[in-house]
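K.L.:
Dropping a structure here in structure tokens format, bear with me for questions.
A short reminder: the numbers here are calculations on the coordinates, not readings from a lab. Worth saying up front: this structure is predicted, and the values here are computed from it rather than measured. Here the Cβ positions follow ideal geometry from the backbone for every residue, glycine too, while neighbour counts run over all protein chains shown.
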Amino acid sequence: MSTSVRLLGIAVFFNLLGRGAFMASSALYFTKFAGVTPGQLGVGLTIAGATGLLSGVPFGHLADRRGQRDVAAVLLILSALAAVCFLVVDGFVQFTAVAVVFTFIERGAYAARQAVLSTLTAGEDATLARAQIRTIGNLGVAIGSGIAGLAIWVDTRGAYLAVIGFNAVSYLICGLILFALPRIAAVPVKPGASKLPVLRDRRYVAATMVNMIMVIHFAMLDIGFPLWIVQYTSAPHWMTAVLILFNTVGCVLFQVSASRRIGTLDSARRSWRLAGFLFLGTCVLTGLTNGVSGVGAGVLLLVAAGLHLYGEIIQSAAGWVISIDLAPSGQNGQYQGLFTTGFAFSQMVAPFVISTLVIENGTIGWVCLGATFALAGIAMTPVLRNADEAPSAGPHDKEIARS
């Protein structure tokens, strides 16, 4: 692991340590102490999520033109300032306003940070570097969730406020650490060049849309499994926690080793297709747990979770290769911005897809979802075949001057 990747890993760890604690406990704080009803919370988060979709590409473009490291660091520090405002939220209007500002800046910061990672690992094994950082990030989320558990156990306004403040500090630390990375020089705009060529790159847009469908699978773990287990199976309710822990530990243990085998578009294409069928198997097995004994349902769910775990690991690694290798030299920011925007949109609609279209339709809903994943796995093949036929920049062309 290079020094740059190590520093990025430390920055991401602190960031996700705070974010993991905040995400696991903030809903309880806002609904118990900040005058926001559960319905208002959902509406506010939806509005904020929709607003965040608008920031990835513009801020990514800004990072290309003004220096990716500096833009990412500044946006993370601004995210910290916005996060502090959650401490004084009182009521729906204030909550929504702060959530909109925070999400808009934070999504831009994420796009710029992904561009930094893509640039600093040019000529190295970018997939392996991202796997290492994802593993470190998962550790941060796991520990952060434990911190949130303590706040929920204490269940006082002060405990929740401490978590919110800790989240803000985590963004500040992440931004400051980024300033220790090598400076990435801005890329000048060529005369007559389009400002946002990524929006005209049909191949990359197609890859983003296929990815947008596939990453709905993340919602199966924290929304699909819990709702299904409680409403449709005889499995003990604590199985939901077991499955989440199983996934977290599995990603930490196996993400790096599995990613070593996925470093080219050809291997990414094969892994992506396999992931689609693994998710199909996950969905079918989950749907079959309806009407089975508690023990039988538990066994089927563990097998389904195992298929999902391996599918998630190889899909993530393949997605990293696709998002990096299809992006032309000097435009990592806006290209990563589009790819992360697609992911954000998927995560915004995934709760509705899983809870309404899948859960309410029972086993048939799961089978249809699995078939969708399989089709998304197959659909990436022609996209990447077109990429193989088109000229692409070599590793040295993808380097951006550093000073």
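K.L.:
Only Lys, Arg, Asp and Glu count, each charged at its Cβ (+1, +1, -1, -1), so figure out the dipole size of the chain about its Cα centre, rounded to 20 debye.
P.N.:
My answer is approximately 640 debye.
K.L.:
Using +1 at the Cβ of each Lys and Arg and -1 at the Cβ of each Asp and Glu in the chain, identify which of Leu227, Phe104, Trp153 lies farthest towards the dipole's positive end.
P.N.:
Phe104
K.L.:
Okay, next question. Report Rg (one decimal) and Dmax (nearest whole number) for the stretch 197-389, counting Cα atoms only, units Å.
P.N.:
Computed over the Cα atoms of the stretch 197-389, radius of gyration and Dmax are 17.0, 56 Å.
K.L.:
As an exercise, use a Förster radius of 35 Å and the Cβ-Cβ distance of Val299 and Leu150 to find the FRET efficiency, rounded to the nearest 0.05.
P.N.:
0.60
K.L.:
Residue farthest toward the positive end of the dipole of the chain, with Cβ of Lys/Arg at +1 and Asp/Glu at -1: which of Leu375, Gln331, Ala207?
P.N.:
Positive-most Cα among the choices belongs to Gln331.
K.L.:
Arrange Val71, Val84, Val163, Val349 by Cβ neighbour counts within 10 Å, fewest through most, would you?
P.N.:
Val349, Val84, Val163, Val71
K.L.:
List, largest first, the extents of the alpha carbons of the chain along their principal axes, each in whole Å.
P.N.:
That works out to 64, 49, 35 Å along the principal axes.
K.L.:
Let me ask another. Can you compute the FRET efficiency between Trp238 and Lys195 using 1/(1 + (r/R0)^6), with r the Cβ-Cβ distance and R0 = 51 Å? Round to the nearest 0.05.
P.N.:
0.45
K.L.:
Can you give me the Rg/Rh ratio for the stretch 3-178, using Cα atoms for both radii and the Kirkwood formula for Rh?
P.N.:
0.99
K.L.:
Also, quick follow-up: Answer with one residue from Thr363, Val88, Gly42: the one whose Cα lies farthest towards the positive end of the charge dipole of the chain, charges on Cβ with Lys, Arg +1 and Asp, Glu -1.
P.N.:
Checked the options; the winner is Val88.
K.L.:
Taking trypsin sites (Lys or Arg not before Pro) that fall in a DSSP loop and have at most 14 other Cβ atoms within 10 Å as cut points, what is the longest piece of the chain between them?
P.N.:
By the stated rule (loop sites, at most 14 other Cβ atoms within 10 Å), 1-182.
K.L.:
Please identify which residues in the stretch 288-313 have an amide N closer than 20 Å to a label point set 7 Å out from the Cα of Ala371, following the Cα→Cβ vector.
P.N.:
288-290
K.L.:
So how much slack lies between Ile378 and Val169, counting 0.36 nm per residue of separation and subtracting their Cα-Cα distance, in nm?
P.N.:
Gain in length upon complete extension: 71.0 nm.
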